[in-house]
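Below is one structure, written out as structure tokens; the observations come after it.
The values are calculated or read from the model by the stated rules, or taken from the named source; none is laboratory data. A quick note: this is a predicted structure, and the numbers were derived from the prediction, not measured. Neighbour counts are summed over all protein chains in view; Cβ atoms, including those assigned to glycine, are modelled from backbone coordinates with ideal geometry.
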Amino acid sequence: MKLEHIGIAVKSLGVSDELFKKLLGKESYKKETVEREGVVTSFYGTGESKIELLEANNQESPISKFIDKKGEGIHHLAFGVENILEEVERLKKEGFQFISEEPKEGADNKLVVFLHPKSTNGVLVELCQEKQ
Ligand SMILES: CC[C@@H](C(=O)O)C(=O)SCCNC(=O)CCNC(=O)[C@H](O)C(C)(C)COP(=O)(O)OP(=O)(O)OC[C@H]1O[C@@H](n2cnc3c(N)ncnc32)[C@H](O)[C@@H]1OP(=O)(O)O
Ligand SMILES: [Co+2]
């Protein structure tokens, strides 16, 4: 597995895009809304991995809840896999708990699933596979 992206919960993409543009010395290469997750995303390439900024677009969004409880900051780690269904089966056998085992459409042309942070040392983990 490779670290594909780090998801960062932000209150305002307008503000945080300015900050990350200054920090990384480059523009976001893509902005995409994923309605099902209640998020607007903005991506930055950083070598082999990416930074995914996440702003909530409604009050029920996981990002709204996260920011209300913990404030802005690292929200999840995403690992890129070749075959997401095989990885789900492998990790289930290892005792990990999934929020949902069925891969769903994520951002940036990916299928995604999430492991529950309670089974991964308090860190929300996403698995993602490039869509064919
Ligand atoms: C853009 C698409 C995609 C991509 O392509 O990259 C994305 O990245 S989408 C990102 C947003 N989507 C998600 O986060 C989906 C998965 N998350 C969830 O299903 C939920 O957020 C959750 C993890 C199941 C928590 O939901 P819920 O139980 O309703 O919220 P609570 O606020 O009650 O939290 C329960 C418990 O979990 C802790 N928690 C919540 N979020 C995180 C987190 N990101 N990292 C670590 N821990 C988290 C929360 O603190 C609570 O803990 P306790 O207080 O100890 O019970
Ligand atoms: Co993500």
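Please go through segment 110-132 and pick out each residue that is farther than 16 Å from residue 83 by Cβ and either within 9 Å of ligand 1 (Cβ to nearest atom) or within 12 Å of the chain's Cα centre (by Cα) (or both). Break it down into steps so the answer makes sense when it comes.
Filtering segment 110-132 for residues farther than 16 Å from residue 83 by Cβ gives 114-125.
Answer for segment 110-132, where residues must be farther than 16 Å from residue 83 by Cβ and either within 9 Å of ligand 1 (Cβ to nearest atom) or within 12 Å of the chain's Cα centre (by Cα) (or both): 114, 115, 116, 117, 118, 120, 122, 123, 124, 125.
Among the residues of segment 30-47 satisfying the criterion of being hydroxyl-bearing (Ser, Thr, Tyr) and closer than 22 Å to residue 81 by Cα, which is surrounded by the fewest Cβ atoms within 10 Å (Cβ to Cβ)?
By that ranking, first place goes to 46.
Taking only pairs six or more apart or across chains, which ones have beta-carbon atoms under 9 Å, a first residue in segment 31-47 that is without any contact (Cβ under 8 Å) to a residue 24 or more places away in the chain and closer than 14 Å to residue 12 by Cα, and a second residue that is within 14 Å of ligand 2 (Cβ to nearest atom) and aromatic (Phe, Trp, Tyr)?
31/43
Kindly indicate whether any position in segment 30-44 is out of contact with any strand residue (DSSP E or B) (no Cβ under 8 Å at 6 or more places or on another chain) and under 20 Å from residue 5 (Cα atoms).
Yes, segment 30-44 contains at least one residue that is out of contact with any strand residue (DSSP E or B) (no Cβ under 8 Å at 6 or more places or on another chain) and under 20 Å from residue 5 (Cα atoms).
Got a sec? Which of 87, 126 is surrounded by 13 or more Cβ atoms within 10 Å (Cβ to Cβ) and away from ligand 2 (no atom under 14 Å from the Cβ)?
87
Based on this model, can you work out whether residue 67 counts as more than 9 Å from ligand 1 (Cβ to nearest atom), under 16 Å from the mean Cα position of the chain (by Cα), β-branched (Val, Ile, Thr) and over 18 Å from residue 131 (Cβ atoms)?
Criteria met by residue 67.
Quick one: in segment 58-84, of everything that is within 22 Å of residue 103 (Cα to Cα) and small (Gly, Ala, Ser), which residue is farthest from ligand 2 (Cβ to nearest atom)?
Across segment 58-84, the extreme among qualifying residues is 61.
When only residues in segment 99-123 that are small (Gly, Ala, Ser) and farther than 15 Å from residue 66 by Cβ count, which is surrounded by the most Cβ atoms within 10 Å (Cβ to Cβ)?
Filtering segment 99-123 for residues that are small (Gly, Ala, Ser) and farther than 15 Å from residue 66 by Cβ, the one surrounded by the most Cβ atoms within 10 Å (Cβ to Cβ) comes out as 106.
May I ask you to verify whether residue 50 is basic (Lys, Arg), surrounded by 15 or more Cβ atoms within 10 Å (Cβ to Cβ) and touching a Cys at 6+ places or on another chain (Cβ under 7 Å)?
No; evaluated as a whole, the condition is false for this residue.
Checking residue 95 against (1) within 11 Å of ligand 1 (Cβ to nearest atom); (2) of a type outside the set (Phe, Trp, Tyr); (3) assigned to a loop (DSSP other than H, G, I, E, B); (4) at pLDDT 95 or above, which test does it fail?
(1)
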